[in-house]
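Accompanying notes for the structure given below.
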Amino acid sequence: MSEIQNSSIFSLDDVSDEELNSLIDGTITDFDEGDLVTGTVVKIEHDEVLLDIGFKSEGVIPSRELSIRKDVNPEEIVNLGETIEALVLQKEDKEGRLILSKKRAEYERAWNAVEEKFNAGENVEGEVIEVVKGGLILDIGLRGFLPASLVDLRRVKDLSAYMGTRIEARVIEMDRNRNNVVLSRRVVLEEARKAERTEILSKLQSGMRLKGTVSSIVDFGAFVDLGGIDGLIHISELSWNHVNHPSEVVKVGQEVEVQVLDVDLNRERISLGLKQTTEDPWRTLVKKYPVGAIVEGTVTKLVTFGAFVDLGDGVEGLVHISEMARQHVDAPAQVCAVGDAVQVKVMEIDLDRRRISLSMKAAAETLGVEVEVKPMDKPESEDEEAAEAPAEAVEAETEEAPVEE
């Protein structure tokens with residue numbers, strides 16, 4: 001039988017050592033430490049993953065180099081046959097192995113992506129993977145640090161509540177040399193609140209009634225959260241009755257219905273009223289005192305222009321000095337004193353200004369009596385001058401009289 005030879009097959013015996021090494025090197029990928037390589041997962045163990053990248057031996061990815069998260073299970077990160085990217089850490093370690101890092105490769109890609117968003121002022125999103133002293137660590141493709149003071153609009157006491165949640169934040173600082181990325185969620189929330197405030201303000205109109213929650217109390221009033229924006233109820237608008245301190249009427253956290261009194265778009269301020277949501281009891285009470293009625297009241301205060309008279313049930317009216325008597329009155333004290341019971345006639349009621357005008361003169365005319373007007377008392381200074389005058393005159397005469405020798 002004749003021997004059949006295949007011309008495409010050659011014997012290694014005919015190849016020199018240099019030629020053989022050259023042929024082998026031609027089948028091996030060339031790379032340096034720090035390069036990014038792509039390979040296929042060929043083996044998964046509890047502490048490492050083997051990756052075929054076309055080198056003379058498989059590359060080894062230690063479990064700590066699989067993810068930026070700590071204590072991960074390799075089987076949860078990669079799958080057999082999966083093609084992944086890795087960064088060359090060492091071409092040969094002490095055991096001659098090729099050491100790779102999947103997380104470093106992801107870090108390089110992520111850094112560039114995050115840097116682009118940082119320069120553009122765009123937000124990033126990631127899951128909270130650690131709660132550390134002073135803040136949170138987010139997985140945004142790399143480890144981003146979110147300080148506790150920038151987690152929310154107000155200081156958060158328990159950061160553990162954020163563990164495992166996804167957070168949208170803004171990159172406010174990047175330092176490649178220190179591999180440091182600082183995030184802020186507060187900036188994102190403030191921008192959202194500002195946009196929400198603008199939208200709410202544009203829809204508000206005086207007279208509208210809204211529901212809200214008392215967010216804080218100060219000496220001059222109470223702030224109410226209307227759902228994204230706070231409005232102020234001034235202490236004078238809390239109740240129809242006199243209020244010494246807002247805490248007498250409302251409490252923090254209390255739900256209230258308020259009425260919009262004024263909206264200042266430029267200063268982004270909303271003035272609210274609480275008492276306006278209830279009927280003014282004064283309006284009900286004054287129905288008992290119609291115009292023309294004659295009632296008895298008690299003088300509560302004397303002022304230069306008249307006297308205030310309590311009609312009962314907290315309703316007080318003013319008797320102007322010109323309405324105290326038919327005669328001319330120089331001072332209210334000529335007619336009455338605090339505590340006196342007097343007959344008055346209701347002349348006018350101003351519901352908006354909550355004022356009642358009364359007249360003692362008209363009441364007296366209707367009842368057919370006369371209001372007594374006492375003479376004005378002389379000021380004490382004048383009495384003293386009159387008493388001192390004779391003495392001064394005697395002294396003057398004594399000084400002018402000639403001295404007898």
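Applying a DSSP loop filter and a limit of 15 other Cβ atoms within 10 Å to the GluC sites (Glu not before Pro) in the stretch 256-356 leaves Glu268, Glu279.
These residues, Lys288, Lys56, go from largest to smallest accessible area, 1.4 Å probe, as Lys56, Lys288. Maximal additional length on extending the Ser239-Leu285 stretch stands at 15.0 nm, based on 0.36 nm per residue less the C-alpha distance. Restricting the trypsin sites (Lys or Arg not before Pro) of the stretch 141-233 to loop positions (DSSP other than H, G, I, E, B) with no more than 16 neighbouring Cβ atoms within 10 Å leaves Arg154, Arg155, Lys157, Arg176, Arg178. Could you tell me which of rounded, prolate or oblate describes the stretch 94-151, using a ≥ b ≥ c as the square roots of the eigenvalues of the alpha-carbon gyration tensor, with rounded for a/c under 1.5 and, failing that, prolate when a/b is larger than b/c and oblate otherwise? Oblate. Sorting Trp111, Trp240 by accessible area puts them as Trp240, Trp111; the probe is 1.4 Å, largest comes first, and only protein heavy atoms count.
Computed with every protein chain present, the accessible area of Glu76 is close to 140 Å² [probe 1.4 Å]. The relative contact order of the stretch 28-177 comes to 18 percent, based on Cα pairs under 8 Å that sit 6 or more residues apart. Rolling a 1.4 Å probe over the protein heavy atoms of the chain, with every protein chain left in place, gives an accessible area that is 46 percent carbon and sulfur.
For the stretch 180-227, rounded, prolate or oblate, judged on the Cα gyration tensor with a ≥ b ≥ c (square roots of eigenvalues), a/c < 1.5 rounded, else prolate if a/b > b/c? Note, shape of the stretch 180-227 comes out oblate.
Solvent-accessible area per residue in the chain equals 63 Å², computed with a 1.4 angstrom probe and all protein chains kept.
Taking the square roots of five times each eigenvalue of the Cα gyration tensor of the stretch 264-387, the equivalent ellipsoid has semi-axes of 35, 22, 11 Å, listed largest first. When the Gaussian network model of the chain links Cα atoms closer than 10 Å, the mean-square fluctuations of Gln276, Gln327, Gln259 top out at Gln327. Once the mean of 1/r is taken over each pair of separate Cα atoms and inverted, the stretch 224-315 shows a Kirkwood hydrodynamic radius of 16.2 Å. For the chain, the relative contact order is 7 percent, taking Cα pairs closer than 8 Å that sit 6 or more residues apart in sequence and dividing their mean separation by the residue count.
Considering helices alone, the calculated mean residue ellipticity of the chain at 222 nm is -6500 deg cm²/dmol, with DSSP H runs of length four and up weighted by -39500 (n - 2.57) and normalised per residue. Taking Val181, Val131, Val369 as the candidate residues, the one with maximal mean-square fluctuation in a Gaussian network model of the chain, Cα springs under 10 Å, is Val369.
Pairs to check: Lys251/Lys301; Lys43/Lys91; Lys56/Lys103; Lys43/Lys70; Lys103/Lys133. Give those whose C-alpha atoms are more than 26 Å from each other in this structure. As for pairs spanning more than 26 Å Cα to Cα, those are Lys251/Lys301.
Subtracting the Cα-Cα distance of Lys43 and Ser322 from their residue separation scaled by 0.36 nm leaves 89.7 nm.
When the residues Asp330, Asp340 are ordered by accessible surface, computed with a 1.4 Å probe over the protein chains alone, the sequence from largest down reads Asp330, Asp340.
The values are calculated or read from the model by the stated rules, or taken from the named source; none is laboratory data. Worth saying up front: this structure is predicted, and the values here are computed from it rather than measured. Cβ coordinates were reconstructed from backbone atoms using ideal geometry, including for glycine residues, and neighbour counts include every protein chain displayed. Note: accessible area is taken over every heavy atom of the protein model, side chains too, but ligands, DNA and RNA are not part of it. Shrake-Rupley method; radii C 1.70, N 1.55, O 1.52, S 1.80 Å.
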